[in-house]
Structure formats: C-alpha cells, structure tokens
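Remarks on the structure that follows.
The values are calculated or read from the model by the stated rules, or taken from the named source; none is laboratory data. None of these values were measured; they are calculated from a predicted model. Using ideal geometry, Cβ is built from the backbone for each residue, glycine included, and neighbour counts are taken over all protein chains shown. Remember, those area values only see protein heavy atoms, side chains included, never the ligands or the DNA or RNA. Shrake-Rupley method; radii C 1.70, N 1.55, O 1.52, S 1.80 Å.
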Amino acid sequence: MELLITIVLLTFLVAIVIGIIVLRDLLSGVILLGLYSLVAAGVFIVMDAVDVAFTEAAVGSGISTILFLGALSFTRHEQKPRGHDSIVALAFVCITGGLLIYGTLDMPHYGSAVSPAQTHPELAVHFLTKSAGETGMPNVVTSVLASYRGYDTLGEVVVVFTAGIAVLSLLGLIRRRPEDEAPEDAPGDLPKLPDDKSEHNV
Amino acid sequence: MSILGLYNYWVVVALMMAGLYIMIARYNLIKKIIGLGVFQTSIFYLYITMGKVHGGTAPILAEGYPLYSNPLPHVLILTAIVVGVATTAVALALIVRIYEEYDTIEEDELKSIELAEQES
Amino acid sequence: MKLYVRQRHRVLQVVTKLIIPFVLLFALYVQFHGDYGPGGGFQAGVLFASAFILHGLIFGLQRTRSVLTPSLLRVLMALGVLIYLGTGIVTMLLGHNLLDYAALAANPKTGQHWGIFAVELGVGVTVTAVMVSLFYSFASKRL
Amino acid sequence: MDIAQQLPALVIVLPMLAAPLCVLIRHSALCWALSVFTSLLTFLSAFGLFNQVRADGVIRYAIGGWAAPTGIEYYVDMANASMLLLVSFISLIVLLYAYESVKKSVVKAKHYLFYAAWMLCLTGLLGITITGDAFNVFVFLEISSLSMYMLIAFGSNRRALTASFRYLIMGSIGASFILIGIGFLYAATGTLNMADMAGRIPDAEAQRAVLVAFSFLTIGLMIKSAVFPLHGWLANAYQYAPVAVTAFLAGTATKVSLYVLLRFFFSIFGTEYSFGYMLLNVVLLPAAIVSFILLSLVAIFQSDLKRMLAYSSVAQVGYIVAAFCLATEQGLTAGIVHIFNHGIIKTALFMSVGCMLFRLGHTHRNSLDNLISTMPFTVVAFIISGLGLIGVPLTVGFVSKFTLIGAAMEKGWWLVGALVLLSSLFAVIYIGRVIEIMLFRKVRVNEPAPVGMKEAPLSMLVPMYALIGVSIWFGVFGTTTLSVAREAALVLLGGYQ
C-alpha cells in the first residue's frame, strides 16, 4: 500500500516537472512549483517525516508561492520562447545525473534498517534511545533540532534574518513613489499617504 | 527487490536534474528560480529517503512503537528548507530590482544591453 | 495584479475574520506543542505570518500595516535572533558551553525544557517577522 | 564565565550579536562604530585562540554540552586558527577604511543594513572556518552567501544587481552540490562530524557513494572558490560591488572556500584517497594552470582596474590550487602561505583602488595619467602592494612564490615551476602598465586638469598603510608566516587525532 502511494505520488512529481519544463507561462510554472512542494510533502509523510512535510507544505507551497506571485505581479508573465535546447546544459545535466545514479548503485536500499546512517551508535541510535531521557521530549525531531543540533538552528534563524534584511535593503518595506525617495528617511517608515487611493496601484 | 530498492533514488536524481536543467538552460530569471525550487526540493527528498526505515513510524516516541525512522535527516532538511526559501526570497527581490532597472528579466536581453553599454 | 480587494467580496472578509483567530490559535498550539507533536517555532512562525498575510490580502495592506508596523517588524526580526543567541550567551555566562541548556536550571532536564522553549520562541518571532516583512516588500512595491 | 575557555564560541557569537543590534540601532555612525568594535573583539578572540592552539594543540568545544559526534563541535587546530585570524583581521582593517567610502556610495538610510550584512558575512565566514561539523559548513556557507549577495547589490551601478543575481545562481548551484555531497557522505558513514567522518571513510572508501560525495563537494567548492572553468561569477561581482566589499571579499571569501577544500581533501578524505585513488591532480592541476596562465593574460587586457584585479584574483587562486595539487608538505605550506599573503596584498590593492575611486569616481586605467602628483600616498600604496602581487623579493608575494616554485621543483614538476614564472611575467605587464601610467604619463594637453583633486582622506589611508605595513613585515620576515603555514600543513596532512 505504502509502495503504491509512493509510486503514484512520484509519478505526479515527474508529471509536474515535465509541465514546468514545457510550459512557458510563468504563472503556471509558479503554481506547478507550489503543487510540486505539496506533493513532495505528501511523499514526506509516507516516509515518516511529518515535521518536514508540515514545513514543506507551509513554506514550499505557501510562502514561496506568495513571494513568486508578488514578484510576478510587477514583472512579465511570459517567458520568451528562447533558450530551450542548450546542448551544453543538457550534457552537463546528463553527466551529473549519471554520476549520481552511479553513486546510488551500491547504496543501502530504500527503507534498510542496517545502513550506516541508521546504525551509528552516537547519532541515529543515540537520538532515538536516549533523547527522551536527556531532554524529556517525545518528539525526537524537536529535541535534535533545538538541543543536540541547536547551533544549526541558530544558523538557520540567522539565515532567515539575513534574507529579511536583504529584501528590506533591496525593496524596502513600503511602497513609495520616486519623488519621495529621500535618502534621509529610513526605508521602513510609514509614508504619510494623503488617502488610501494610491493603494490600488499595486 | 534490487531494482525496487533503488528506484526511489533514481526518480529523485531525475527530478533533481530536471531542476538543474531549468536553472541552467532557461533564460528567464524567474524560471531559473523555479528550477532552483525543483532542484532543492528534490535534494530534500534524497535526504528523507535515506532516513526511512521499513516498518518504522514518525520519530515521535510513544509506547508500543519499537521502530522509528531516522530523525537526523529530518532535522537537516528542516534547516535546508528554511535556507531554500531564504535564497528564493533574496533572488526574487533581485529580480524585481533588475526588472525595474532594465525592463526585462531575460538573461540574453540583459547580456546584450550590458554589452551595448560597455561599447558605448 | 491586485493582491487584495477592498469593499467588495464581503463574504471573503467575513470568512477571513472568522478564520484568523483559529489560525492564530493553531499557530500558538504548534509553537508550544512542538515538543510532543510535529511542529515548532519555524512552522508556528509561518502560520502566524500566514494569518497576517491573509489579513493583508483581504483587507488591504494599509490596515495590516497599522497593526504590525514596519518598524515593529524590524525590531521583532532582530529580537528573535537576540532571544535565541541570548539564550546561548546566558548559558555561557553561567559557566557552561554555548547553548548548553542544562545550565538554565538545577535539573538538567528542566534546563533543557526551558532552553528549548526559549529558542523556539526566538525562532517563532524572527520567522513571523521576516515572513510578514517579505510579504510587505513583495506586495507593496509598485512600478 | 571563563573567557579563555569560551574563546571559540566568542569568535562566532560576537559578530552574530552585532548584526541584529545594528538593525535595532539604525544610526549610521553608531552601527559603523559597533561593527568596528565587534571586529576588534573578534580579532582579539581569534588571536587568543590562535595562541592557545599554538601552545596546547587542538581545541574541541562541544556546543550545547553534547560531545561530538552527537552534537556539533568547534574544532580548532593550527589550520583554521590561522584562517580565523586572517578573516577577522581583514574585516577589521577594511571596516575602518570603509566608513568614508560607504558614506559616499550607499544611501544613508541603508547604512545600518550594510553594516548588519557585513557582520553577518563575517559570522558566516568565521562559522565555516571554525566548525567541526560538515552540515554546519553548509548552514554558515549560506549565511555568508546571502549576505554577500546583499553586499554586492549595494553597488551603485545597476550592473551590481545582475552581478549579484548571477553569483546567486552559481552560488546556489555550488551550495546545492555541497548539500548533495554531504548527504552522500552521511549515507556512507552515518555521521556528520568531520573527525568522525575521517575515521569512518577508510571503511566506506570502496563505496561509490563516497566517490560521488567527493566529486560533488569538489565541484561545489570549486564554484565557491572560483577555480578556472567555474570562475565566471567573480569578475562582475568584484567589479560592481562597493569597493570596500570587494576588498573584504577578495581577502576572505574565496580563501575560506579554499580552506574548506583543503580540509575535505586532506583531513577528511585523506591525501591517499584524494590524490592516490581519485587522481584529483589530473583534473585540478590543468584547471589551476589554465587559471593562472589564461586569466593573467586576460587581466592584461582589462582597462578597468577593479576588473583587472578581479581576474588576477582568479589567477592567484590558480597558484593556490596548483600548490595543493602537489600534495606534499612543502606544496601545502606554499598554498597556505599564499592564501595569507594574497589575502593581504589583494585587499591592500583593492583598498588603494578604492581611494582612487573615491576621488576620481572611476577606475579606468587610461585616465590615471600622472596620478602621483595628486594622490601620491595612494599611488605608493598601489605600487608597494602591486610589487607584492608580482612577487618581487622582500615582499610577501616573493615568499609564497619562492616556496611554491621550490615545492614544485622538489616534486620534480619543473614545468609547473616554469609556468608560475611565466605568469608572474604577465603580472609584471598588467601591474607595470598601470604603474607606468600613474607615474610617468603626462596629462594630455587638451584635457583640463581635474579641479579639486587631492589625496584620499586620512581615515582611508591609515588602515591601508597599516595593512601594507603588515605585508612588508611578513615580506621581510617571511619565516614567521612560513612556520605557521608549515604547522598548519602538517596538521592537515596528519588528519584528525
């Protein structure tokens, strides 16, 4: 049953990616990308990664779709019909993919419980057997995320913060007209808009 | 079983390469970022596949479930998802600014504009 | 493209008003129940942000902005990082290593509990603020 | 709190703390002061750490109190302690210098974001260097990359935006490749801790997964450190970024990636695997040679000084990679010492170019006629560091090139040694032409002399000369850096204990 679900979802993923490659309309591309994330989240649930599925659904198909739509709202919707058959790109991708497939040939099979990743006594095994006693959390993902690898998560928060200030510096937080682009006032302050008519210009 | 045991990886590789191809071969900047999204999501999938244990359940400890999937790849990918959306946001902000400055988001048009600029 | 609609779509507005408290409540649940079920600061932050984004889409950015002002967002963004890092610094000041939550209470397990609570809060605050501010930036820039 | 014990954490925590504080303060000058102060403290911590490591050997610091490999650790030995010192020192010097030039080229309301991004970039670079955990490298790599994209986009020309975007695309591909590589390594060894990984790879070596991990990490890191066919992003990024950013990145960003490359090749996979089994030098050595020959040639034909120096940077990366390919103690020493020496002189060169940009508003080679009469200090600074880049005796460039050629001879790679000399000749041409124009070419008669031209402000000259002083010191007393580099090389070749 699990296998069947996986196969169906994987087929979906492949179909979506083909759609993204073929379609030229960017809006469809964005929607398909959101769908891709959503289906991937489904696959993650089948693979027991509930936290990841939750995040992927919220971020991949939620937030990033909104960001794409926002960006599309003031650029073009259609990709120009060029740049379709780059032999060099195709060759590069084929070689890379071939190398990856070669690398997977003697990997532990899917679902194997005896692979190095599953049996390392101080990582996977430690987390599953000792984390409840050491941190008192039933959700191992949370205890690894926030405590054992809390430093990674600190880095992750800093990445989010970096992205926040990067977008702040590139776009600013508020819409402003060119004439009130005075260098003195900070990019984030509320503008004194005479009325809210201008809001329909978005 | 030998083929079934690895087919998951192969589909992942194919998806990954499709994403990479979109990123390299398409001239439209937004399309490139869509490709980046596919590429990154497929890498997440690769990691999660490694953590799965047959017959295991989600790593939330409870009585009566002796076997769990490996939580470590999940943690790594949670971090990677966040990093991915951060990159996407910065890339899209750059695209918006590029469109404002150049009035196009096609790589080849940008190149020819810049070339013309340099010659003048 | 209009990302939001005013005056019209009364149904959407009413439904949104009904939904938003539940989204916020669910976000709080995810924030503080992450120890036991799936979820945690990051997912909660995204949910919080989505409530505000929904509000912005339906009622117009102007109104959302008067609740969550850009300068407040900027402060929150930095605050979340400071909460997380501050937890680490406190454990250092208490003589333990960086982010060693055992320092926070006499019983290491209680310390872990407090530490994880604090850092998840930090994650939640920064993620909410950044996601909403991303939405502001992308939805309000005009050509 | 025992400061001496917390030094590894302080190196990261200090700049990481400064970034959100900048966002809260939002006052241009205060943010600058805070950043300088933080850089100073970070540098002092790195210096303390360096001395500790030199005295007592490897320091391991378990973050969160979880002993590695369960938790993440800082692993500090001679190799990365000296990198930490380099990165924090260059950040300090360039920040001191940056105040005037940032004030001129960045909108005032965004200064606080600029300094916050700088602090984040510093955090990222130091974090990559100090960590002992492979996945953590990826996280901090992304912190440094995202802040770098942002810093580059601060450039005043609109092409800064496209440069930043192209770097983003290349950088994301590189980071994704690194992520794939780490994933395969995890599948093969079950661990993320570098020392643990190094211990487990010999058992897993026959696996194809390790081979794939090796290839992907190599390609990803080659993109990040701009080795020949993958250097495309660098020229535009360096040319259009604000000059202070270019000076900072030229001295640190590619160097840190090269350090990670070293760490993976020599300590984690091991010299035997990388060069004996994988025949890495068959791929890398030609790339390195093409780098330093071809791109030195390309540099000759650039009329913009910043762009010329950018291409010269790729060429210098070529020397460093060629030195790694020797895979001997001597070769590694040469590579590491060149990482330092080139970091210092290239930063100094970009700083002097920044002074010209500050007064002239451009950096076209052909309109620098007789610059010595108006900006003597800047020109002298350019000449001294230019000679260092060429590798004239008594400069740092000589120390590293001499060591490199010596190492090549020792291994019997005469041709490599000869090619290094040849490319130094190209460096003589591209630097020499600029010097000639600045010193001797008379101002054309029909052009009016620029009005109000004067020397760059003192706040830019002093840090620049401080850096040049350091470079002269290390040029004359080259044995200091050489002995540190040799210790670092031995540590890397020795692997983890």
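Can you tell me the mean projection area, over all orientations, of the convex hull of chain D's alpha carbons? Units nm², please. Mean shadow area of the hull around the Cα atoms is 21.7 nm². For the protein assembly as shown, the mean residue ellipticity at 222 nm estimated from helices alone is -24500 deg cm²/dmol, where every DSSP H run of n ≥ 4 contributes -39500 (n - 2.57) and the total is divided by all residues, rounded to the nearest 500. Computed over chain B with a Gaussian network model linking Cα atoms closer than 10 Å, the most mobile of B:L94, B:L46, B:L36 is B:L94. Across the range A:71-147, Cα-Cα distances exceeding 17 Å account for 71% of all pairs. With the simple spin-label model, which puts each label point 7 Å out from Cα in the Cβ direction, the D:L422 to A:V125 separation comes to 5.7 nm. Ranking D:I90, B:I98, C:S50 by how far each Cα lies toward the positive end of the dipole of the protein assembly as shown (charges on Cβ) leaves B:I98 at the top. Between chain D and chain A, roughly 4100 Å² of accessible surface gets buried, counting both sides and using a 1.4 Å probe.
Among beta bridges from DSSP that stay inside the protein assembly as shown, the antiparallel ones total about 85%. Taking a straight Cα-Cα cut-off under 21 Å and skipping sequence neighbours fewer than 8 places away in the same chain, the lysines within cross-link reach of B:K32 are A:K80, B:K111, D:K224. Among rounded, prolate and oblate, which fits the range A:1-84 when a ≥ b ≥ c are the square roots of the eigenvalues of its C-alpha gyration tensor, a/c under 1.5 means rounded, and a/b larger than b/c means prolate? Oblate shape, in that a/c is at least 1.5 and b/c is the bigger or equal ratio.
Computed over the range A:1-159, the Cα gyration tensor eigenvalues convert (square root of 5λ each) into semi-axes of 35, 23, 16 Å, ordered from largest to smallest. State the dimensionless ratio Rg/Rh of the range D:302-497 (Rg: radius of gyration of Cα atoms; Rh: Kirkwood radius). In the range D:302-497, Rg relative to Rh is 1.04. Helix D:396-411: angle to the longest alpha-carbon principal axis of chain D, degrees 0 to 90, nearest 10? In chain D, helix D:396-411 runs at an angle near 40 degrees to the longest axis. With kT/(6 pi eta Rh) evaluated at 4 °C and eta = 1.567 mPa s, and Rh the Kirkwood radius from Cα pairs, the protein assembly as shown diffuses with a coefficient of 46 µm²/s according to Stokes-Einstein. Mean per-residue shielding of peptide C:117-126 is 3, counting Cβ atoms of other chains within 10 Å of each Cβ.
Which percent of the accessible area of the protein assembly as shown is formed by carbon and sulfur heavy atoms (probe 1.4 angstrom)? So the carbon and sulfur contribution to the accessible surface is 68 percent.
Relative to the 2.2 N^0.38 Å rule of thumb, the range C:1-138 has a C-alpha radius of gyration ratio of 1.25. Shown here for the range D:387-491: trypsin sites (Lys or Arg not before Pro) in loop regions (DSSP other than H, G, I, E, B) with at most 11 other Cβ atoms within 10 Å, namely D:K442, D:R444, D:K454. When you filter the trypsin sites (Lys or Arg not before Pro) in the range A:72-177 for DSSP loop state and at most 16 other Cβ atoms inside 10 Å of their Cβ, you are left with A:R76, A:R82. Restriction of the chymotrypsin sites (Phe, Trp or Tyr not before Pro) in the range D:271-357 to DSSP coil positions whose beta-carbon has at most 12 other beta-carbons within 10 angstrom yields D:F301. For chain D, the relative contact order is 15 percent, taking Cα pairs closer than 8 Å that sit 6 or more residues apart in sequence and dividing their mean separation by the residue count. Separation of the range A:111-133 and the range A:27-96 by C-alpha centroid, Å? Their Cα centres are 32 Å away from one another. Lys/Arg Cβ at +1, Asp/Glu Cβ at -1, dipole of chain C taken about the Cα centre: which of C:L85, C:P38, C:V11 is farthest positive-ward? Final value for the positive-end residue is C:V11. Close lysine pairs were tallied over the range D:302-497: pairs 8 or more places apart or on different chains with Cα atoms under 25 Å apart number 8.
Remark: chain D carries a charge dipole of roughly 1640 debye about the Cα centre, counting +1 on each Lys and Arg Cβ and -1 on each Asp and Glu Cβ.
Fully extending the segment from D:K454 to D:F402, taken as 0.36 nm per residue of separation minus the present Cα-Cα distance, adds 14.9 nm. Of all lysines in the structure, the ones whose alpha carbon falls short of 17 Å from that of A:K130, not counting any fewer than 8 places away in one chain, are C:K109. Helix D:208-224 and the longest principal axis of the Cα set of chain D meet at an angle near 10°. For chain B, the longest principal axis of the C-alpha atoms and the axis of helix B:4-25 are separated by about 10°.
Buried accessible surface for the C/A pair, both sides summed and rounded to the nearest 100, is 5300 Å² with a 1.4 Å probe.
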